[in-house]
Amino acid sequence: MSDPPTPLLDIKDLRVQFTIHEQTVDAVKGVDMSIAHGETVGIVGESGSGKSVTALAALGLLPDTAETSGTVILDGHATLDLSQNALNAIRGVTASMIFQEPMTSLDPLYRVGRQVAEVLVYHQGMSWRSARDRAVELLDKVGIDNPARRLNAYPHELSGGQRQRVMIAMALANNPKLLIADEPTTALDATVQVRILALLKELQAEFGMAIAFITHDLGIVSHIADRVYVMKSGEVVEHGPVDRVLHEPRHDYTRMLIDAEPSGRKPPTEARPPLLQARDLHVHFPVTAGLFGRVTHTVDALDGVSLDVRPGQTLGIVGESGSGKTTLGRALLRLQACAGEILFDGHRLQAMDRAEIRPLRRHMQLLFQDPNGSLSPRLTVGEIITEGLLVHEPAINAEERQTRAIEALETVGLPADCRQRFPHEFSGGQRQRIAIARALILKPKLVVLDEPTSALDRTVQKQVVDMLRDLQSAFDLTYVFISHDLAVVRAMADEIIVMRHGRVVEQGSTEDIFERPRKAYTRDLIAAASRQALSPA
């Protein structure tokens, strides 16, 4: 009887400890895990379960504050014992990683084309000209429109989904034996998720690449993985073939993950005059070229958008990455210059200057898509959350500010004692909850939420959706809810606007959009979301 094949990645008794403020945190507690050549393995669990730390430890990417023990064998290399130079030689070739937060992984000072090409120049010795041509091919493969022109864009000029696709292109550039994908589709809408997953499977079949797919989305795991590991609090609580684990779970935690889906429907709101109105909004971005920044053409980010939002109502805005959703949200708050008419709570925003509009800011809050980029790394959580109070309620004392901060943190499910910690000490999901607490502490009338649940696992998504609905009911809040996650939008919204290429394709009640969509594009979005859903056990 022949011996079983040697795994491409073999992890034995991996333990990771972090020392924070003279306290030891056990992030990974004796994990055993293996991935065979050409296999796809899902690693699932809530934020803070140790999924990403396990992957980072395997590639030697943990910070100096981490103490690691155990054994990690990657294609014959004991990575925990390798020098940095030896690790650099295998990163990107033997194994490559797609990171969860592309805005912090891409260099803001370099154009994306250079960043993709640099991987090819470093590992394959390509000329810059050849690497640039290959970069165009890679960006085209991952679904970026007009890739030759996008090469010259900086990361901040791309949408969140486009930035994630650049990261995927970089990770696949050298055809690695193992691709570690850490939430690679979190920032992508459902149609692009389907294309990216199909692309990964095609590349896997072509090159025999193994994939470790880290995600909180069990629906994706059910479609892409051969086996799955379920992690909780730094431990593997269940593992096995994906069909068995997802349809015959043996651990209560696995069953909880499967059942965690935003559900219910928002009660209808009473008919009242709109709190927010927009008429014929236009936003044009100039595209420049050459040494002197000559304008070659303009991009219509918004093209004649109109909408009404009543008090206590949630307006959902859906569409693919680059459709204009985020631009619309920023324009509504006068954070993006636009043409047209905006009326908020009786005030004509377009006729007001910055000084006149400032007192209204407390009533118009924005929750950003990327919590890591919107939370200052130099401020504690308590300082971040109470910053708005210093501006809009300067008369209250420090004790009252701390009381308000504690209430806001508890509202989003975080303990009061995290006020003295810094954002980098939290998981991605925890940072998003901090951002929500900061937006809600002033109890605004209107909150524009830009992908507020995109970085959260399903169990936390459900909690956040329930929390937002409860807050809306308690304080008569009005939401503009921007998301590519149709399940979350369906649970939150009264009305929905479907956008594409800066225009409104379709709008109507949530029931009409989901049950009786009129446009083919809307039907395609709903069908793509359905394909990503986890089939009931």
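Worth a mention:
- Radius ratio Rg over Rh of the range 68-119, counting only Cα atoms, Kirkwood formula for Rh: 1.06
- The chain - charge dipole about Cα centre, Lys and Arg +1 at Cβ, Asp and Glu -1, debye rounded to 20: 1380
- Relative contact order (%) - the chain, alpha-carbon pairs under 8 angstrom, separation at least six: 16
- Shown for the chain: the carbon plus sulfur share of the solvent-accessible area, taken with all protein chains present and a 1.4 angstrom probe, equals 49%.
- From its DSSP helices (H runs of at least four residues, each -39,500 (n - 2.57)), the chain gives a residue-normalised ellipticity at 222 nm of -11000 deg cm²/dmol.
- C-alpha center-to-center spacing [the range 393-424, the range 431-498] in angstrom: 20
- Rounded to the nearest 20 debye, the dipole size of the range 236-377 about its Cα centre is 520 debye, using +1 on the Cβ of Lys and Arg and -1 on the Cβ of Asp and Glu.
- Percent breakdown of C-alpha pair distances by 10 Å bin, ordered from the shortest bin, for the range 11-94: 16, 50, 30, 4, 0
- Restricting the calculation to Cα atoms, every distinct pair contributes to the Kirkwood radius of the range 346-403, found to be 13.6 Å.
- Normalised by residue count, the range 467-537 yields a Cα convex hull volume of 110 Å³ per residue.
- Residue by residue, the range 301-313 carries 3J(HN,Hα) couplings of 6, 10, 9, x, 8, 10, 6, 10, 9, 8, x, x, 9 Hz when phi is fed to the Karplus relation 6.51 cos²θ - 1.76 cosθ + 1.60 (θ = phi - 60°); x denotes Gly or Pro.
- Quick note on the range 379-441: its Rg to Rh ratio, both from C-alpha atoms and Rh being the Kirkwood radius, is 0.94.
- Eligible lysines near residue 445 by straight Cα distance, threshold 21 Å, same-chain separation 8 or greater: 266, 325
- Each peptide among 165-175, 328-338 gets the average number of other Cβ atoms lying within 10 Å of its residues, and from highest to lowest they stand as 165-175, 328-338.
- Environment charge of residue 199, counting only residues whose C-beta is closer than 14 Å and scoring Lys/Arg +1, Asp/Glu -1: 0
- Across the range 289-362, the volume of the C-alpha convex hull divided among the residues equals 147 Å³ per residue.
- The alpha-carbon positions of the range 44-150 define a convex hull whose volume is 152 Å³ per residue.
- Ranking by accessible area, most exposed first, for 326, 104 with a 1.4 Å probe: 104, 326
- Only aspartates and glutamates eight or more places from residue 12 in sequence, or on another chain, were considered; those with a Cα closer than 17 Å are 26, 32, 67, 75, 81, 235, 238.
- Here the calculated FRET efficiency for residue 226 and residue 156, from their Cβ-Cβ distance with R0 = 51 Å, stands at 0.85, rounded to the nearest 0.05.
- Averaging 1/r across all pairs of distinct Cα atoms in the range 135-276 and inverting the result yields a Kirkwood radius of 17.7 Å.
- Expressed to the nearest 5 percent, the antiparallel share of DSSP beta bridges inside the chain is 60 percent.
- Length gained on full extension, residue 198 to residue 294: 30.7 nm, using 0.36 nm per residue less the C-alpha separation.
- Directionally averaged projected area (the range 387-537, Cα convex hull): 11.3 nm².
- Centre separation in Å (Cα based) which lies between the range 292-332 and the range 104-150: 28
- Violating pairs (Cα-Cα greater than 25 angstrom) within the set 29/201; 51/201; 177/201; 232/462: 29/201
- Largest to smallest accessible area among 505, 142 [probe 1.4 Å]: 505, 142
- Cα-based Rg of the range 415-475 normalised by 2.2 N^0.38 Å, two decimals: 1.14
- Overall size of the range 131-195 from C-alpha positions, given as principal axis extents largest first: 27, 26, 19 Å.
- Solvent-accessible ranking of 450, 64, 466, 133, largest area first, probe 1.4 Å: 64, 133, 466, 450
- For the range 1-47, Kirkwood radius (reciprocal of mean inverse C-alpha pair distance, Å): 13.3
- Computed over the range 237-346, the Cα gyration tensor eigenvalues convert (square root of 5λ each) into semi-axes of 42, 27, 9 Å, ordered from largest to smallest.
- Amide H contacts under 5 Å for residue 497: 316, 317, 318, restricted to partners 5 or more places along the chain or on a different chain, H placed in the peptide plane at 1.01 Å from N.
- Over the range 374-415, all Cα pairs binned in 5 Å intervals from 0 give whole-percent P(r) values of 5, 24, 31, 24, 15, 2, listed from short to long.
- Computed label-point distance, nm, for sites residue 22 and residue 350 using a 7 Å Cα→Cβ extension: 6.0
- Extended-chain gain in nm, criterion 0.36 nm per residue less alpha-carbon gap, residue 243 and residue 255: 3.0 nm
The values are calculated or read from the model by the stated rules, or taken from the named source; none is laboratory data. Everything quoted here is computed from the prediction, not taken from an experiment. Heads up, the Cβs are rebuilt from the backbone with ideal geometry, glycines too, and the neighbour counts pull from every protein chain shown. Each accessible area value is taken on the protein alone, full model and side chains, heavy atoms only, with ligands, DNA and RNA left out. Shrake-Rupley method; radii C 1.70, N 1.55, O 1.52, S 1.80 Å.
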